[in-house]
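As structure tokens, the structure follows; a few thoughts come after it.
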Amino acid sequence: MSAAPTRGRGWQGAVLKLLGGDDFELTVTGTEVITDHYVRVNFTGGGLLKKRPLHPTMWIRMWFDDAGKLHQRGYTLVDADPATDTFGIEFAIHEGVAARWAQKAQPGDMINATFMGSKFAMPEGVRGWIVAGDPASLPAINSLLDAISASAHPDTPARIWLEYQHESDKTIPVRSRPQDTVEWVARERDGAALVDAVRAAAFDASDHFGWVALDSVSTRAVLASFKNEYRLPKNSIKAQAYWIAGKPFS
Ligand SMILES: Cc1cc2nc3c(=O)[nH]c(=O)nc-3n(C[C@H](O)[C@H](O)[C@H](O)COP(=O)(O)OP(=O)(O)OC[C@H]3O[C@@H](n4cnc5c(N)ncnc54)[C@H](O)[C@@H]3O)c2cc1C
């Protein structure tokens, strides 16, 4: 199947173009079922990794076709190799145009992606990490753990909370090291259970770095806890909503 044309992207496409977003045509090279609710699709990047330097948590805006209308969704590069311009994308599966596309992807399928807005530099001199995420942000969290391991201070520990919706989520590989702590928390009360788990463990983490990506409401609540209860300065936190409960991300 050939890539969808760029028309049909609506105002979001026009704004990204005006802001200088770069477009790339990705080609599927293979797929892998990791659990009943998590699939990996491997790609060649159509020049993406030749043009854009790699950073931890790097993400792209993929354009998914739904009856001629294109919908933009954020996805994270996994195991990216600039030498071969190849990477994987891991899709948490739920209802949605992107998740549907991933389940049907076949080698040779093509899809457009725009690079715009992704940036993250590893912080210097932090004593530890506190991290909250879920299967949608696990690819980014794994890239952070890889980056800590490759840094000048690979022993820096991470305390990680991961929310799950399916029992099988807990079998998705987490690239944690012996010094890390990983706690899986069932999604209950619209995400409040994970927020409570984060709050319950609060300590003075003012020399740590905090990273959170959950649904929009939980992301805001964990951000507040990192600031108020963990005493993290604002510039020692990266928080981004990865999805919106009960509605499409648009
Ligand atoms: C920077 C960034 C990077 C991201 N990287 C990844 C990634 O690598 N892998 C990944 O799987 N996702 C990732 N996401 C999240 C992904 O973009 C959203 O989950 C998106 O909404 C999926 O689009 P969709 O078309 O499948 O569902 P939508 O049409 O957006 O939503 C349809 C329904 O599914 C629900 N829904 C959407 N996402 C989820 C979810 N994760 N869990 C449960 N229910 C959901 C919505 O509430 C809605 O009811 C990333 C998001 C951002 C902002």
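The values are calculated or read from the model by the stated rules, or taken from the named source; none is laboratory data. Nothing here was measured: the structure is a model prediction, and the numbers come from that model. Heads up, the Cβs are rebuilt from the backbone with ideal geometry, glycines too, and the neighbour counts pull from every protein chain shown. In case anyone asks, the SASA skips ligands and DNA or RNA and just uses the protein heavy atoms, side chains included. Shrake-Rupley method; radii C 1.70, N 1.55, O 1.52, S 1.80 Å.
Scan segment 45-104 for residues that are among the β-branched types (V, I, T), open to solvent by less than 40 Å² (accessible area, probe 1.4 Å) and either in contact with a Ser or Thr (Cβ under 6 Å, 6 or more places away or on another chain) or within 17 Å of T27 (Cβ to Cβ) (or both) and jot them down.
Hits for segment 45-104 are T57, I60, V78, I89.
Suppose we keep only residues that are part of a helix (DSSP H, G or I) and out of contact with any strand residue (DSSP E or B) (no Cβ under 9 Å at 6 or more places or on another chain) within segment 6-26. Which one would you say is modelled with the lowest pLDDT?
In this case the residue turns out to be L18.
Would you point out which residue out of S149, S143, S137 is assigned by TED's automatic domain parsing to the domain that holds Q179, in contact with a Lys or Arg (Cβ under 9 Å, 6 or more places away or on another chain) and surrounded by 14 or more Cβ atoms within 10 Å (Cβ to Cβ)?
S143
List every residue pair whose Cβ atoms lie under 8 Å apart, where the two residues are 6 or more positions apart in sequence or sit on different chains, the first residue falls within segment 231-250 and is part of a strand (DSSP E or B), and the second residue, located anywhere, is modelled with pLDDT under 95 and within 6 Å of the ligand (Cβ to nearest atom).
W243/F249
Looking at segment 43-65, can you tell me whether even one residue there is within 12 Å of the ligand (Cβ to nearest atom), on the phi > 0 side of the Ramachandran plot and modelled with pLDDT of 95 or more?
Within segment 43-65 (the criterion being within 12 Å of the ligand (Cβ to nearest atom), on the phi > 0 side of the Ramachandran plot and modelled with pLDDT of 95 or more), the answer is yes, since at least one residue qualifies.
Against the conditions (1) farther than 30 Å from R61 by Cβ; (2) among the hydrophobic types (A, V, I, L, M, F, W, C); (3) surrounded by 15 or more Cβ atoms within 10 Å (Cβ to Cβ), where does A202 fall short? Just the number, please.
(3)
Which condition number does P173 fail, the rest of (1) in contact with a Leu (Cβ under 7 Å, 6 or more places away or on another chain); (2) under 22 Å from P56 (Cα atoms) being met?
Failing condition for P173: (1).
How many of the residues making up segment 119-160 are within 11 Å of the chain's Cα centre (by Cα) and either among the aromatic types (F, W, Y) or in a loop (DSSP other than H, G, I, E, B) (or both)?
Residues meeting the conditions: 4.
Report, by residue number, each residue of segment 216-245 that is within 15 Å of the ligand (Cβ to nearest atom) and out of contact with any strand residue (DSSP E or B) (no Cβ under 6 Å at 6 or more places or on another chain).
Of everything in segment 216-245, those that are within 15 Å of the ligand (Cβ to nearest atom) and out of contact with any strand residue (DSSP E or B) (no Cβ under 6 Å at 6 or more places or on another chain) turn out to be S216, V217, S218, R220, Q240, A241, Y242, I244.
Looking only at residues that are polar (S, T, N, Q) and in a loop (DSSP other than H, G, I, E, B) in segment 161-179, which one is nearest to V33 (Cα to Cα)?
Only one residue tops the list, namely Q165.
Inspect segment 181-188 for any residue being part of a helix (DSSP H, G or I), surrounded by 13 or more Cβ atoms within 10 Å (Cβ to Cβ), more than 16 Å from the ligand (Cβ to nearest atom) and among the hydrophobic types (A, V, I, L, M, F, W, C) and give the result as yes or no.
no
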